[in-house]
């Protein structure tokens, strides 16, 4: 490698796809509510009814000698509960990484749990939402030092959830577990809901605590941890070919050419980088030669093809949103694919220059001061380094359409960030991923009454449980055609596709049926043989 390109190639690691460095891109990629108001039902709780609440949570669930506690935030809506009922279901929206929860999470469900609200209305359920430790306002130690982050894990979060369910039930004089000595005793059935990482926790809550959690709806839940997650961009590549969402083979080839040929050639030389900085309106002087500039540039360009957050309802003339259809229309409208890519980027950024500040990103990752309103980038990066990895790569022999030579997303970049920020080695990352899959079962979790819906164009489907033959009676799974990352868990819109509307109906039907079942999932019928009866599993 020449001295000329060394600085531009300095690895900075990568954020999860939903968290981009530039605020303008972040705003463009969000499933925003701007101009598409969600309707809150008239009987829903008001903000005053669902104000934040707090309860004492144990800091370390795995050290019996450690009695320290902290205050964890939750939200509650009891507007649908029948007074005096001893069988009130408890519906739990499980919090995860990302922006802080708001009171709306128990009013309209926010982006993870809207189906839960409709079901709560039907079944007179108590609605609660638990914020994940170390995200939002739920800060156990008050700082994000490595010493504190050792208390941040999915295992600790699941114990938080179990303790929370017991607490809420006791507060409302409900019993969340059946009695073995009295099958007729009344109890409240607990159902957990979540999408993405909260979906993972939702599934595992039923696997780990079947005596507490009656059923779970785990939407778009990538339950298989993986170091080299090349499947992510394979799915993005397939989405660019998907005609149902505006893709085509021509679009895939156009994007592939822009990256593997045009961009790769120009990024190799100083004059080529200056040309790209002008064409793509990058902020600053020699942005592609700055620390992390090349990696940041590649990240922004990949985010211009939002399979994870694809919104089919985005109108062609709406400048405040973009999707695969818009991207593909632009990419196939010009014989010069680099010009087409530059035009698409300009449309998304609406003329604003693009910031590639790798040093600022590193300062954010290294800051140990919690931001209750932030994205939780340092926290989630810690969890990827210590539990799941999910390092999204673009290998030469993959279906990834964003291949650059040399690549901007090699595994080395991810390992570098884990080592630089947390002192965690590549070997430790690999061991952590193996431990997570052993602990939770990977994509064969072996639970019961867990529903796994996934979107067909959601890149996270690559690591989600989608088998309809593994255990269809106990762990049913289905794929929502043309849908992105748990899009059916968002509050309904008039523009929702038929497939998304149908997904909500399927979830409701399944939960309706599970709420009619008793504590045991197996059904028996009695048969007889001479001299003794037999019980046979149906």
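Values computed for the structure shown
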{"item": "Residue 129 under 22 Å from residue 221 (Cα atoms) and surrounded by 22 or more Cβ atoms within 10 Å (Cβ to Cβ)", "result": "yes"}
{"item": "Complete set of residues in segment 355-395 that are without any contact (Cβ under 8 Å) to a residue 60 or more places away in the chain and more than 26 Å from residue 277 (Cα to Cα)", "result": "366, 371, 385"}
{"item": "Residue tally, condition buried (at least 23 other Cβ atoms within 10 Å of the Cβ) and in a loop (DSSP other than H, G, I, E, B), over segment 114-126", "result": "1"}
{"item": "Residue selected from segment 59-70 under the condition part of a loop (DSSP other than H, G, I, E, B) and free of Cβ contacts under 8 Å to residues at least 60 places away in the same chain, by the criterion surrounded by the fewest Cβ atoms within 10 Å (Cβ to Cβ)", "result": "65"}
{"item": "Every residue from segment 93-113 that is in a helix (DSSP H, G or I) and surrounded by fewer than 24 Cβ atoms within 10 Å (Cβ to Cβ)", "result": "103, 104"}
{"item": "Index of the failed condition, residue 390 passing every other in (1) within 30 Å of residue 427 (Cβ to Cβ); (2) surrounded by 16 or more Cβ atoms within 10 Å (Cβ to Cβ); (3) out of contact with any strand residue (DSSP E or B) (no Cβ under 8 Å at 6 or more places or on another chain)", "result": "(3)"}
{"item": "Residue 300 in a helix (DSSP H, G or I), surrounded by fewer than 16 Cβ atoms within 10 Å (Cβ to Cβ), at pLDDT 90 or above and within 33 Å of the chain's Cα centre (by Cα)", "result": "no"}
{"item": "Test: residue 234 is out of contact with any helix residue (DSSP H, G or I) (no Cβ under 8 Å at 6 or more places or on another chain) and either more than 19 Å from residue 396 (Cβ to Cβ) or in contact (Cβ under 8 Å) with a residue 24 or more places away in the chain (or both)", "result": "no"}
{"item": "Scan of segment 248-267 for residues that are surrounded by fewer than 16 Cβ atoms within 10 Å (Cβ to Cβ) and over 19 Å from residue 333 (Cα atoms), ordered by number", "result": "265"}
{"item": "Residue, farthest from the chain's Cα centre (by Cα), within segment 74-89, restricted to residues that are in a strand (DSSP E or B) and crowded, with 22+ Cβ neighbours inside 10 Å", "result": "77"}
{"item": "Qualifying positions in segment 478-508 - outside any helix (DSSP H, G or I) and closer than 12 Å to residue 199 by Cβ", "result": "485, 486"}
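Each row is one residue, and each column tells you yes or no for (1) out of contact with any strand residue (DSSP E or B) (no Cβ under 8 Å at 6 or more places or on another chain); (2) modelled with pLDDT of 90 or more; (3) under 30 Å from residue 413 (Cβ atoms); (4) surrounded by fewer than 16 Cβ atoms within 10 Å (Cβ to Cβ).
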site: 35; (1), (2), (3), (4): yes, no, no, yes
site: 50; (1), (2), (3), (4): no, no, no, no
site: 54; (1), (2), (3), (4): no, yes, no, yes
site: 72; (1), (2), (3), (4): no, yes, no, no
site: 91; (1), (2), (3), (4): no, yes, no, no
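The values are calculated or read from the model by the stated rules, or taken from the named source; none is laboratory data. Predicted model, so just to flag it, every value in this text is computed and none were measured. We place every Cβ from the backbone using ideal geometry, glycine too, and count neighbours over all the protein chains shown.
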